[in-house]
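The values are calculated or read from the model by the stated rules, or taken from the named source; none is laboratory data. Please read all numbers here as calculations on a predicted model, not as lab measurements. Neighbour counts run over all protein chains shown; Cβ positions are idealised from the backbone, glycine included. Heads up: the accessible areas ignore ligands, DNA and RNA and are worked out on the full protein's heavy atoms, side chains in. Shrake-Rupley method; radii C 1.70, N 1.55, O 1.52, S 1.80 Å.
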Amino acid sequence: MLKVTLIKSPIASLPKHKATVAALGLHKVGQTVVKPDNAAIRGQIFAVKHMVKVEEVNE
């Protein structure tokens, strides 16, 4: 599982990056979501890596 936290606002970013942040379920700066660790989620995180902080969580 991956714990993803939005650390930078997507307001001034590309529309594609805004959509990716929304698809990850992030809306407000500081918000954290837990997502499964798979290739699709990793790809989304890679696209917006400058806006998010990622931690691995063992559950």
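Taken as a whole, the structure leaves Thr20 outside the set of residues that are surrounded by 12 or more Cβ atoms within 10 Å (Cβ to Cβ), assigned to a strand (DSSP E or B) and not aliphatic (A, V, I, L, M). Residues in the range 28-47 that are more than 12 Å from Thr5 (Cβ to Cβ) and either part of a loop (DSSP other than H, G, I, E, B) or in contact with a Cys (Cβ under 8 Å, 6 or more places away or on another chain) (or both): Pro36, Asp37, Asn38.
Take the residues in the range 50-59 that are surrounded by fewer than 10 Cβ atoms within 10 Å (Cβ to Cβ) and at pLDDT 95 or above, then tell me which one is nearest to Ala12 (Cα to Cα).
Checked the range 50-59; the qualifying residue nearest to Ala12 (Cα to Cα) is His50.
Just one of the numbered conditions (1) under 11 Å from the mean Cα position of the chain (by Cα); (2) surrounded by 13 or more Cβ atoms within 10 Å (Cβ to Cβ) is not true of Ser13: (1). Contact map, the range 26-44: residues that are without any contact (Cβ under 8 Å) to a residue 24 or more places away in the chain paired with residues that are in a loop (DSSP other than H, G, I, E, B), Cβ distance under 6 Å, separation 6+ or inter-chain. Pairs shown: Val29/Ser9. In the condition set (1) open to solvent by 40 Å² or more (accessible area, probe 1.4 Å); (2) touching a helix residue (DSSP H, G or I) at 6+ places or on another chain (Cβ under 8 Å), Thr32 is compliant with all but (2). Would you mind telling me which numbered condition in (1) without any contact (Cβ under 8 Å) to a residue 40 or more places away in the chain; (2) touching a Leu at 6+ places or on another chain (Cβ under 7 Å) Glu56 fails? (1) is the only condition that Glu56 fails.
Ile45 - would you say it is loosely packed, with under 11 Cβ neighbours inside 10 Å and β-branched (Val, Ile, Thr)?
Numbers: loosely packed, with under 11 Cβ neighbours inside 10 Å: no; β-branched (Val, Ile, Thr): yes.
Spelling it out, it is not the case that Ile45 is loosely packed, with under 11 Cβ neighbours inside 10 Å and β-branched (Val, Ile, Thr).
With respect to the conditions (1) open to solvent by 90 Å² or more (accessible area, probe 1.4 Å); (2) not in a loop (DSSP other than H, G, I, E, B), Lys3 falls short on a single one, namely (1).
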